[in-house]
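The values are calculated or read from the model by the stated rules, or taken from the named source; none is laboratory data. Computed from a predicted structure; not experimentally measured. Cβ placement follows ideal geometry from the backbone for every residue including glycine, while neighbour counts extend to all protein chains displayed. Ligands, DNA and RNA are stripped out before the accessible areas are found, and what is left, the full protein with its side chains, is counted by its heavy atoms. Shrake-Rupley method; radii C 1.70, N 1.55, O 1.52, S 1.80 Å.
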Amino acid sequence: MQTRKDWMKKYYTEEQLDDLRKRWSPEVQAESERGWAELGRDVEAAIARGETPESEAGRKLAERRQKLLELFTGGDPGIMKNLQKLYADKANWPTTFKKTFSDAVDNFLCDAEKGIVKTTA
């Protein structure tokens, strides 16, 4: 039986998948789900307040996103690169896959991330 996220495996090497399995636990899963849900709500609230991705609030939200991504990747640049490939291939995601965020939240976080990269480069 295939799980609802099996399609994502094609974006990672077997070694990366092994690393993810070793680090992942029910506790990490719960922390991740809670963190992403809170971040999504906070970005929606920031958008409703008229915050921009370039604002201080936008930068702080992008920093939270980075921490959640690091929780998933374990700081492995190869896993991060392949995660980026997965997200760049949204057109080929199964129609049954429920995205974590709305496009507006995703766009806000991506734009805010670009601001962080500019200020730290």
Open item on the list: What's the total number of residues in the range 84-94 that are of a type outside the set (Asp, Glu) and open to solvent by less than 70 Å² (accessible area, probe 1.4 Å)?
Closed with: 3
Task: Number of the condition not met by Leu39 [criteria: (1) open to solvent by less than 40 Å² (accessible area, probe 1.4 Å); (2) at pLDDT 95 or above; (3) farther than 22 Å from Asp111 by Cβ] - done: (3)
Task: Unmet requirement for Met80, which otherwise passes all of (1) within 13 Å of the chain's Cα centre (by Cα); (2) under 18 Å from Ser102 (Cβ atoms) - done: (2)
TODO: Mind listing whichever residues of the range 49-83 are open to solvent by less than 50 Å² (accessible area, probe 1.4 Å), over 14 Å from Val105 (Cα atoms) and without any contact (Cβ under 8 Å) to a residue 12 or more places away in the chain?
DONE: Ser55, Thr73, Met80
